[in-house]
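**Student:** Pasting in a structure now, in structure tokens, and then I'll have a few things to ask.
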Amino acid sequence: MLAPAGIAVPRSVLCASAEEARTAFAEIGPCMVKAQVPAGKRGKAGGIRKADSPEQAADAAAASLGMEIDGHRVDSVLLEARAEVAREFYAAIMTDFPAARPLVLFSAEGGMDIEEVAAAHPGALRRLHVPLSQGLTQAAADAMLGGLDLGPARAAIADALTKLYRAYRDTDAELIEINPLALLADGSIAALDCKLIIDDASAERQPQLAALAAPENLTALERRGQAAGLKFIELDGDIGLLANGAGLTMTTMDVIAHLGGRPANFLEIGGEAYTKAEIALGLVLAHPRIKSLVVNFCGAFARTDVMADGVTAAWQKLKPDIPVFFSIHGTGEDEAVRIVRDRLGLEPYDLMEDAIQAAIEAAR
Amino acid sequence: MIYRKGQRVLVQGITGKQGSFWTGKMAECGTVIVGGVNPKRAGETHLGLPVFASAQEAMARAPFDIAVMFVPPAGARDAALDAIAARAAGLVILTEHIPAQDVLAIREAAAASATRIVGPNTAGIVTPGAGFVGIMPGHNPNIFQPGRIGVLSRSGSLGTLICLNLTRAGLGQSAFIGIGGDPMIGTTTREALAELDADSATEAVVLVGEIGGGMEEAAADYAARMSKPVVAFIAGRVSPPGKKMGHAGAIVTGHAGSYAGKRATLEASGVSVADTPSQIPALLRSRLSTSCR
């Protein structure tokens, strides 16, 4: 990400075993051995170790490989040439959602996380909103650094910021962060660590980045949902729910909890996903603790007749051994209610609270 | 943006399945549709309406007030910039999953123009008795009835449920503004609240929010200054917290976003917060009977 943008990074080799690390040391020399996981605070978790010999590199790799950091297993380590660092800075470009502008953040104090820096050294933090149509010019980057004691490194830092901005635009990032951005003993600037948050919506035009994306920590069922294009989260309750739209789904969970029940899942089938009711039902029913099910549809864009058709067809096929309680309103409501009545012999509840109350009682 | 009777609407992407379906529903509801856009089918007639190559061409030949986008994410940026270049007064962006940096470009162009944006990822706006723009069941009399309650909602499905509850309770709506579920939207909670405050047909407001972001918190001090009562419902009380940009994100938004924080901020500003959607009508009635008007 950074090298093509023209930002120097330390020489490094990726290793998947202690033996590979031992061999790689010959090429890299004195180095840091960094656990490769999509999480921050690796140092605090013991995932970053120093190595001054092939043996130390192998030992550090052996210690890190297989450990878990923030729920992610370490499958590889990066041997990164140790540079002599004179100073550490912080630099990031991010999409400032409330302001709807790209935001450049720079701090003359780097190394720790930026919230701590902002609290400890508020005067060292600079922020600049950039007009997308103009981008970050060298002059604007220079001006942004005004008043900071950066010595002869100022021009090189301004240059690195403009390159980082370019990388942000080229990768469709939501956040691209270098921490630390280091001034090396030889006067050059290098990125010693980088974090990139990809905009999921840009995956289609950034296929190479989407392929690199860290796998999320998902359960087997959640992974099945993701493969089907559904946002499914397994929870620890026993009332399953199927609703359309994130807002209504969250509200259904809230009302289940308000009435004394515990939701078993979050599952959104709104938007373009509303035709996937059949797959969705299979996911909800596969939850091991589920004792009853609430189907709560309130159709705006999502047609309740299409969703009801999918759910009832799947219900007839899967023949689940639990009771189900419907509440259906909105686009396609009359047809949807008829489908549920004809196929399952069930009468949808007028109020979702009543459907939920019935489901909670049935689960007891 | 509140839809006003007689406002002329252009449908970008009118020839698609959803564009066609909802154009019919909007017209059925009284919305004035002047035509649509599809560059590949310019010059044709679709659903009895003229199809134009661009919003700019449409503005010259069939002037409109509001453009509504039934356009997939990859084409959303260009379609929005076209509507802005056409000097549309309003632009309703229904499209979900538009790349964030495309939304930045749309917002920057709109800021330099007179075009007001609702969305992206909105279900649209409804004025019962006048019409609707978007993908709401505005034509369903069980859900929407003319009245005096203004409703603003991030979610289309939840907004629909709440309007249904209001209608059941005999409380019709002066306007529904679906502001959209994305983190970066053209009309914020605060701006929609201000519009409903300024709307003479609105007596009280229902604010429907969700966990995440800081928009409800940012609207609270406006609500505190309003003479009209505001009742809120915030979805997500028991939901796991959503994705954030970590510490860098917190630099921008602080630690806003939790259910408890939103509820406390709104209540401190005199907003009544309902535990469930079905409590909203009773809260409105008690606030309307005690407010000085």
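The values are calculated or read from the model by the stated rules, or taken from the named source; none is laboratory data. The structure displayed is predicted, hence computed values, not measured ones. Every residue, glycine among them, receives a Cβ derived from its backbone with ideal geometry; neighbour counts consider all protein chains shown.
**Student:** Check B:Val151, B:Val92, B:Val103 and return the single one that is among the aliphatic types (A, V, I, L, M), at pLDDT 95 or above, outside any loop (DSSP other than H, G, I, E, B) and in contact with a Phe, Trp or Tyr (Cβ under 6 Å, 6 or more places away or on another chain).
**Tutor:** B:Val151
**Student:** I'd like the full set of residues that are away from chain A (no Cβ under 14 Å), assigned to a helix (DSSP H, G or I) and in contact (Cβ under 8 Å) with a residue 40 or more places away in the chain, limited to segment B:178-235.
**Tutor:** Passing the criteria: B:Ala192, B:Leu193, B:Glu195, B:Leu196, B:Ala220, B:Asp221, B:Ala223, B:Ala224.
**Student:** Within 14 Å of chain B (Cβ to nearest Cβ) and either aliphatic (A, V, I, L, M) or surrounded by 17 or more Cβ atoms within 10 Å (Cβ to Cβ) (or both), is that true of A:Ala60?
**Tutor:** When the stated conditions are applied, A:Ala60 does not pass them.
**Student:** Please find, among A:Gly229, A:Gly237, the residue that is more than 27 Å from A:Thr171 (Cβ to Cβ), of a type outside the set (Val, Ile, Thr), within 13 Å of chain B (Cβ to nearest Cβ) and assigned to a loop (DSSP other than H, G, I, E, B).
**Tutor:** Within the list A:Gly229, A:Gly237, the selection yields A:Gly237.
**Student:** For segment A:173-182, how many residues are in contact with a helix residue (DSSP H, G or I) (Cβ under 9 Å, 6 or more places away or on another chain) and either more than 13 Å from chain B (Cβ to nearest Cβ) or surrounded by fewer than 22 Cβ atoms within 10 Å (Cβ to Cβ) (or both)?
**Tutor:** Within segment A:173-182, residues that are in contact with a helix residue (DSSP H, G or I) (Cβ under 9 Å, 6 or more places away or on another chain) and either more than 13 Å from chain B (Cβ to nearest Cβ) or surrounded by fewer than 22 Cβ atoms within 10 Å (Cβ to Cβ) (or both) number 2.
**Student:** If you don't mind, there's one more thing I want to ask. So, A:Arg262, is that one more than 23 Å from A:Ala39 (Cβ to Cβ), without any contact (Cβ under 8 Å) to a residue 40 or more places away in the chain, at the interface with chain B (Cβ under 8 Å from one of its Cβ atoms) and more than 14 Å from the chain's Cα centre (by Cα) or not?
**Tutor:** no
**Student:** With (1) within 29 Å of the chain's Cα centre (by Cα); (2) surrounded by fewer than 20 Cβ atoms within 10 Å (Cβ to Cβ); (3) away from chain B (no Cβ under 14 Å); (4) β-branched (Val, Ile, Thr) as the list, and A:Val284 as the residue in question, which single condition is left unmet?
**Tutor:** With (1) within 29 Å of the chain's Cα centre (by Cα); (2) surrounded by fewer than 20 Cβ atoms within 10 Å (Cβ to Cβ); (3) away from chain B (no Cβ under 14 Å); (4) β-branched (Val, Ile, Thr) applied to A:Val284, the lone miss is (2).
**Student:** Would you point out which residue out of A:Lys41, A:Lys50 is within 14 Å of chain B (Cβ to nearest Cβ), surrounded by fewer than 21 Cβ atoms within 10 Å (Cβ to Cβ) and out of contact with any Gly (no Cβ under 6 Å at 6 or more places or on another chain)? If you could, list the steps in order and put the result at the bottom.
**Tutor:** Details: A:Lys50 fails: within 14 Å of chain B (Cβ to nearest Cβ).
The match here is A:Lys41.
**Student:** Next question. In contact (Cβ under 8 Å) with a residue 12 or more places away in the chain, surrounded by fewer than 17 Cβ atoms within 10 Å (Cβ to Cβ) and of a type in the set (A, V, I, L, M): is that true of A:Ala155 in this structure?
**Tutor:** yes
**Student:** Continuing with the same structure: Among (1) out of contact with any Phe, Trp or Tyr (no Cβ under 6 Å at 6 or more places or on another chain); (2) within 14 Å of chain A (Cβ to nearest Cβ); (3) of a type in the set (S, T, N, Q), there is one condition B:Gln18 misses while meeting the rest; what is its number?
**Tutor:** (1)
**Student:** On the given criteria, is A:Asn244 touching an Asp or Glu at 6+ places or on another chain (Cβ under 8 Å), in contact (Cβ under 8 Å) with a residue 60 or more places away in the chain and either within 7 Å of chain B (Cβ to nearest Cβ) or surrounded by fewer than 14 Cβ atoms within 10 Å (Cβ to Cβ) (or both)?
**Tutor:** It is true that A:Asn244 is touching an Asp or Glu at 6+ places or on another chain (Cβ under 8 Å), in contact (Cβ under 8 Å) with a residue 60 or more places away in the chain and either within 7 Å of chain B (Cβ to nearest Cβ) or surrounded by fewer than 14 Cβ atoms within 10 Å (Cβ to Cβ) (or both).
**Student:** For segment A:309-364: of the residues being of a type in the set (Asp, Glu) and either part of a helix (DSSP H, G or I) or in contact with a Leu (Cβ under 7 Å, 6 or more places away or on another chain) (or both), which is nearest to the other protein chains (Cβ to nearest Cβ)?
**Tutor:** The selected residue is A:Glu353.
**Student:** Further question: Looking at segment A:99-123, which of the residues that are touching an Asp or Glu at 6+ places or on another chain (Cβ under 7 Å), farther than 19 Å from A:Ala155 by Cβ and more than 11 Å from every other protein chain (Cβ to nearest Cβ) is modelled with the lowest pLDDT?
**Tutor:** Filtering segment A:99-123 for residues that are touching an Asp or Glu at 6+ places or on another chain (Cβ under 7 Å), farther than 19 Å from A:Ala155 by Cβ and more than 11 Å from every other protein chain (Cβ to nearest Cβ), the one modelled with the lowest pLDDT comes out as A:Gly111.
**Student:** Scan segment B:39-57 and tell me whether some residue there is touching a residue at least 60 places away in the same chain (Cβ under 8 Å) and not assigned by TED's automatic domain parsing to the domain that holds B:Asp182.
**Tutor:** no
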